[in-house]
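Worksheet for the structure shown next.
Nothing in this text is a laboratory measurement; each read-out follows from the coordinates by a stated rule. Everything numeric in this text was worked out from a predicted model, so none of it was measured. Every residue, glycine among them, receives a Cβ derived from its backbone with ideal geometry; neighbour counts consider all protein chains shown.
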Amino acid sequence: MDIALQILAICVFVGAIVGFLAGLLGIGGGLIIVPVLLALLPMTLVGEQALMPMVLGTSLAAILLTSISTLSTHRRLGNIPISILPVLASGIGIGALVGSYFADTIPGYILQLFFACFAMLMSLQMWLGSKKSGHQQSSVGINKSKLLCISTTIGTLSSLLGVGGGVMTVPYLTSIEKLEMRRAIGASACGGVVVALMGSLGYLWAGLHTSHQLPPWSIGYIYLPAFFGFITLSLFTAPFGVRVAKKLPVKILKRCFSVLLFIVGTKILIG
């Protein structure tokens, strides 16, 4: 019980930061939550093969509520590109279920390595992209078939990495589809809700049927002390992050996104 309380307390503090960054940059918070859980959950004596699925399942469950809070604020500010949401949400939802199904069969160290390399590559892309100021188009001009394929891939990778998908959705919509940064963040918030819902349900089901050793206070692959810790303050700090993002220049938002990705990727790769 002492370990559970320690993890709960740490996650309350981290959750406040996660909520703010989720609102500011349109990420679900998994880039912060996953490394924290990788450091904390071994204290619970969780089985080695079950560690990464539990990290990812807990991350996605926490991201769900944070993403809902973020999405609500973006909707009030008019940052949601309605025309692409049905296609984006459908693709991401399907991909999230696929990813959560296969995550239990992939060695944890491979998922960690992939997560780190992906974060660093996205960091470079966002930093270089922040220097460009090309033409921006409305969401109406986006090819729906192409978006469905890309969003399904994003959903699958997001579920495998335990993130809300914003680290892929935002760079894709801004750099490839030339969507305005704040509307891309709004779309990302919607995608984060879908991937977190479908992914966390998948990990919950997989954990309830696994033969791996799971720690007390777990429901499937969701560790409850960490989950409740993350959502305690993040629900209140996420709307604040959205309001700050509205006032910042787009270039600054992209640079902040890039630095965050690089730090997280480097930390996991070194660790």
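Brief remarks on what is shown
- Cα-projected label distance for ALA39 with TYR101, points at 7 Å along beta-carbon direction, nm: 3.6 nm
- Of LEU113, LEU204, LEU21, the one that fluctuates the most in a GNM where the chain has Cα springs shorter than 10 Å: LEU113
- Most mobile listed residue (GLY155, GLY166, GLY220) in the chain, GNM with C-alpha springs under 10 Å: GLY220
- Given LYS247/LYS267; LYS144/LYS247; LYS178/LYS251, the pairs whose alpha carbons are separated by over 21 Å: LYS247/LYS267; LYS144/LYS247
- With R₀ fixed at 35 Å, the C-beta to C-beta distance from ILE219 to LEU77 puts the FRET efficiency at about 0.50.
- For the chain, the membrane-span-like helix rule (DSSP H, alpha carbon extent of at least 20 Å along the helix axis, mean Kyte-Doolittle at least 0.5) picks out 2-25, 48-76, 85-103, 108-129, 144-161, 181-208, 224-247, 250-270; this says nothing about an actual membrane.
- Build a GNM of the chain with springs between Cα atoms under 10 Å apart, and of MET43, MET181, MET168 the one that fluctuates most is MET43.
- Label corresponding to P(r) over Cα pairs in 10 Å bins from 0, in percent when calculated from the structure given, among (1) 6, 29, 38, 22, 5, 0; (2) 7, 32, 39, 20, 3, 0; (3) 8, 33, 38, 16, 4, 0: (3)
- Taking the fewest neighbouring Cβ atoms within 10 Å as the starting point, the ordered list for LYS247, LYS254, LYS178 is LYS247, LYS178, LYS254.
- With contributions of -39500 (n - 2.57) from each DSSP H run of at least four residues, the per-residue ellipticity at 222 nm computed over the chain stands at -25500 deg cm²/dmol.
- Computed on the chain, with alpha-carbon pairs under 8 angstrom and 6+ residues apart, the relative contact order is 41 percent.
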